[in-house]
Structure formats: C-alpha cells, structure tokens
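Peer 1: Right, I'll just put the structure down here and ask away after.
Please treat every number below as a calculation from the coordinates, not as lab data. Because the structure is predicted, anything quoted here is derived from the model rather than measured. Please note: Cβ atoms are built from the backbone with ideal geometry, for glycine as well, and neighbour counts cover all protein chains shown.
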Amino acid sequence: MPSADKLTIETPEQTSLEFPLAGIGSRFLAVAIDLLLQTAALIVLGIVAGLIAYEGLLKDMGKQWVIAILLFVFFLVQLGYFAFFEAAWNGQTPGKRWTDLRVMRDSGQPISVQDAILRNLLRIVDSLPSLYAAGIVTILISRQNKRIGDYVAGTVVVHEKPLQGAASVWATSAAQPLAAGHLPILTVEELHLVETFLERRGSFEPGVRWSMAHQIAQRLGERWSVPPEARPDAEKFLEALAEQRRNTARFR
C-alpha cells in the first residue's frame with residue numbers, strides 16, 4: 001500500500017518511482033524565499049515608477065491609465081512570478097530550487113505551461129482569507145499535501161532527491177568490470193524490463209534516470225543475491241546483465 005507521505009508512480013517499465021511529498025514546513029520556507037524576492041522586485045518597480053512620475057514621462061497619459069498599468073505590473077509580479085519560473089524551470093521557482101522542491105503532475109510527468117499558470121491563478125483562492133489559510137487547511141486534509149491549485153491543475157509538490165549520489169555513481173566509469181561468471185541469467189520478463197530501461201534512459205531527466213536504474217538494479221540484485229558491492233554502478237550492472245542474457249541466448 002502506498003505510503004501517505006510519498007507519491008508512488010508505476011512506470012511502463014514495470015517498476016515504481018517514489019517521491020517524498022513536500023509538507024507545509026518546506027513549502028512555507030520555499031514561499032517565504034520567493035516572497036522576499038518578489039518584495040525586492042516590487043521595491044525596484046516602485047523606485048522605477050517614482051522616477052517615471054518625477055520626470056513626468058507619463059504626463060500625457062491619464063491618471064487612470066497609470067494606475068491600471070501599475071496594478072497590471074503588480075499582478076504580473078505577484079502571480080506571474082510563480083507561473084513563469086515553474087514553466088521555465090520545470091516546476092521550480094528560486095525558492096523551490098533552494099529547498100529542493102519541485103512541482104510535477106500526478107502522473108510523474110513534468111508540468112506544462114498551462115499547468116503552471118492554472119495552479120498559480122488559484123493562489124488567490126488559496127490565500128483566502130489571509131496568509132494562505134485556505135491552502136494550509138487543504139494541505140492538512142489532503143493525502144498528497146495538495147492545495148486547491150494543485151487539485152485543479154492535477155499537480156503535486158515533492159522533495160527532489162539530491163543528485164550528488166547519482167553523480168558519484170556515474171563517475172565510477174573506472175569501476176571494476178563485473179565478472180560474467182557471477183552474473184545471473186535473466187528471465188525473459190526481466191530482460192524486457194532491463195532493455196526497455198536501457199533503450200529509453202536517454203529521454204529521462206538525470207534524477208529520474210538514476211532513480212530508475214538504482215531501483216531496477218536493487219530489485220534484480222536482491223532477487224539473484226548479487227551483493228551491492230558487486231554492482232556499484234547500477235547502469236553498468238544492467239548493461240552487463242542484458243549483454244550476458246543476449247550472449248547466452250545465442251548459444252541455446
């Protein structure tokens with residue numbers, strides 16, 4: 001049964017990916033960072049608006065138009081900030097990137113521009129009556145820590161696992177080669193799983209690619225009693241398994 005604090009996604013490769021769900025604390029910290037940056041941007045805009053008014057650059061424009069332009073710019077900074085960064089940075093704002101959070105679709109796919117816009121338009125509702133009260137209540141009663149905007153857009157906020165571990169594994173290109181005699185002979189189903197991953201790995205994001213390789217290697221390693229020290233590089237381990245299975249099949 002899926003854990004209440006994790007998002008579990010079953011992939012076509014017959015394995016699952018687990019992403020820790022972001023709670024109120026980490027999301028509040030990310031929002032606080034973003035609000036500080038927004039405040040700084042609004043201060044800069046205020047200074048610019050003051051200089052424009054002082055120099056009389058918009059003296060030919062009616063007062064109502066000036067107010068309308070300032071309100072529009074304020075709206076863009078308040079809501080467009082989140083939508084812009086989440087669309088451009090694949091589900092992250094500066095605050096989310098600082099706290100290792102990411103917005104993704106319920107299916108595990110990256111969010112689209114439409115998703116980013118929709119979930120952030122609902123911030124107006126989530127912030128009612130003040131201080132994101134509605135959003136906090138919704139997160140507390142949701143199994144996947146969703147605010148109203150997440151429900152409408154079909155998104156969820158997760159903790160993104162740091163990739164230092166992945167980098168260290170990929171950096172082991174000089175790792176000792178696996179001894180062919182100690183490799184298990186995969187079943188047809190296991191070979192299909194491994195080869196499907198190897199064929200599609202180039203299309204995965206680095207974090208997803210490393211996570212899937214690690215999970216498949218761990219699953220097969222435990223099944224065939226291959227200790228972790230014999231498979232330090234998950235992808236090389238899977239490549240060796242597939243190669244041995246294909247070579248063995250040629251002589252049968």
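Peer 1: If you average the C-alpha positions of the range 18-34 and of the range 90-152 separately, how far apart do those two centres end up, in angstrom?
Peer 2: So the separation of the two Cα centres works out to 10 Å.
Peer 1: Further question: Can you give me the distance in nm between label points at Arg143 and Trp89, each placed 7 Å from the Cα along the Cα-to-Cβ direction?
Peer 2: Inter-label distance under the simple model: 3.1 nm.
Peer 1: With label points built 7 Å along Cα→Cβ from the Cα atoms of Ser112 and Leu51, find their separation and express it in nm.
Peer 2: Distance between the two pseudo-spin positions: 4.0 nm.
Peer 1: List the residues, sorted by chain then number, that are 5 or more residues from Lys6 or on another chain and whose placed amide H is less than 5 Å from its amide H.
Peer 2: Amide H neighbours of Lys6: Leu21.
Peer 1: Just the Cα atoms of the range 6-159: what Rg and Dmax do they give in Å?
Peer 2: Considering the range 6-159 through its Cα atoms, Rg and Dmax are 18.3, 66 Å.
Peer 1: Straight distance only, please: which aspartates and glutamates reach the Cα of Lys6 with their own Cα at less than 15 Å, same-chain residues fewer than 8 apart left out?
Peer 2: Excluding near neighbours in sequence, the set is Glu18, Asp106, Glu160.
Peer 1: Between beta-carbons, use under 11 Å as the cut-off and find the net charge around Asn145, counting Lys and Arg +1, Asp and Glu -1. Show your work: numbers first, answer last.
Peer 2: Numbers: positive: Lys6, Arg27, Arg143, Lys146, Arg147; negative: Asp5, Asp150.
Cβ neighbours under 11 Å give a net charge of +3.
Peer 1: Let me ask something additional. Stretch Glu205-Leu42 to full length: gain in nm at 0.36 nm per residue minus the Cα-Cα span? Don't skip to the answer; put the middle values down first.
Peer 2: Values: separation 163, 0.36 × 163 = 58.68 nm, distance 3.43 nm.
Gain on stretching Glu205 to Leu42: 55.3 nm.
Peer 1: Okay, next question. Taking the Cβ of Gly91 as the centre, find all other residues whose Cβ is under 14 Å away and add up their charges (Lys, Arg: +1; Asp, Glu: -1). Could the numbers behind the result be given before it?
Peer 2: Values: positive: Arg27, Lys96, Arg97, Arg102, Arg105, Arg119; negative: Asp34, Glu86, Asp100, Asp106, Asp115, Asp150, Glu160, Glu205.
Here the charged neighbours net out to -2.
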